[in-house]
Amino acid sequence: MASIDQALEANERYARSFDKHALPKAPARRLAVLTCMDARLDPQSFLGLELGDAHVIRNAGGRATEDAVRSLVISQRLLGTNEVLVIHHTDCGMLTFSNQELVDRIREELGADASGWDFLPFSDLEQSVRDDVEALRRSELIPDDVRIAGAVYDVGTGRLREVG
Ligand SMILES: [Zn+2]
């Protein structure tokens with residue numbers, strides 16, 4: 001619990017000087033970012049975003065899952081975003097396991113059966129970006145006039161490289 005306590009304490013300090021109370025709910029740049037939960041990624045910083053600028057949807061890998069699409073639909077239909085940037089990154093944990101390995105590990109460590117799960121690991125970083133951009137383009141819940149781009153973020157340099 002130590003980390004939660006630290007976080008709550010840090011928030012006390014944050015709230016004391018908080019002055020962004022008047023921001024509108026709709027993202028100012030009309031941008032949604034889909035990226036990985038990796039602790040080394042700070043999308044607001046590496047994309048030059050301010051509070052209120054963009055929706056940042058995160059999951060393991062930054063994959064275009066059903067829940068990511070759910071968030072994008074709400075982002076676009078209710079809150080006016082019209083561009084999506086999909087960002088995967090170097091040294092991602094998703095490159096390090098297979099579904100079978102994780103299913104085996106869950107069985108060993110938890111005694112649970114996860115054999116029906118797809119944890120969406122990948123072995124080719126650029127291909128996974130292309131696959132997820134393509135999945136979003138194919139979704140009938142995301143209109144054709146939404147611009148969707150993909151990129152790879154390098155955790156070693158902080159640089160973003162667009163994937164065509
Ligand atoms: Zn990752």
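The values are calculated or read from the model by the stated rules, or taken from the named source; none is laboratory data. What you see is a predicted model, and the numbers here were worked out from it, not measured in a lab. Glycine gets a Cβ as well: all are built from the backbone with ideal geometry, and neighbour counts include every protein chain shown. Areas reflect the complete protein model, heavy atoms only, side chains present, ligands, DNA and RNA absent. Shrake-Rupley method; radii C 1.70, N 1.55, O 1.52, S 1.80 Å.
Within 14 Å, Cβ to Cβ, of Val129, how many net charges do the neighbouring residues add up to if Lys/Arg are +1 and Asp/Glu are -1? Neighbour charge sum, excluding Val129 itself: -3.
For the chain, a crude dipole built from +1 on the beta carbon of Lys and Arg and -1 on the beta carbon of Asp and Glu, taken about the Cα centre, is about 680 debye to the nearest 20. Taking only protein heavy atoms and a 1.4 Å probe, the accessible area of the chain is 50% carbon and sulfur.
Counting Lys and Arg as +1 and Asp and Glu as -1 over every other residue whose Cβ lies under 12 Å from the Cβ of Ala114, the net charge comes to -4. Solvent exposure of the chain, expressed per residue, is 64 Å² of accessible area, with all protein chains present and a 1.4 angstrom probe. For His89, nonlocal amide neighbours, meaning residues 5 or more places apart or on other chains whose placed amide H falls under 5 Å from its own, are Tyr153. DSSP finds beta bridges in the chain, and of those with both partners inside it, around 20 percent are antiparallel.
Dipole of region 45-127 computed with +1 at Lys/Arg Cβ and -1 at Asp/Glu Cβ about the Cα centre; of Gly93, Ser123, Leu49, farthest Cα towards the positive end is Leu49.
For the pair region 91-128 and region 1-51, the centres of their Cα atoms are 29 angstrom apart.
Summing Lys and Arg as +1 and Asp and Glu as -1 over all other residues whose Cβ lies under 15 Å from the Cβ of Asp154 gives a net charge of -2.
Exposed loop sites were defined as GluC sites (Glu not before Pro) in DSSP loop states (anything but H, G, I, E or B) carrying at most 12 other C-beta atoms within 10 Å; in the chain the longest segment without such a site runs 51-139. Highest mean packing comes first when the peptides 84-90, 25-31, 149-155 are listed by Cβ atoms within 10 Å, giving 84-90, 149-155, 25-31.
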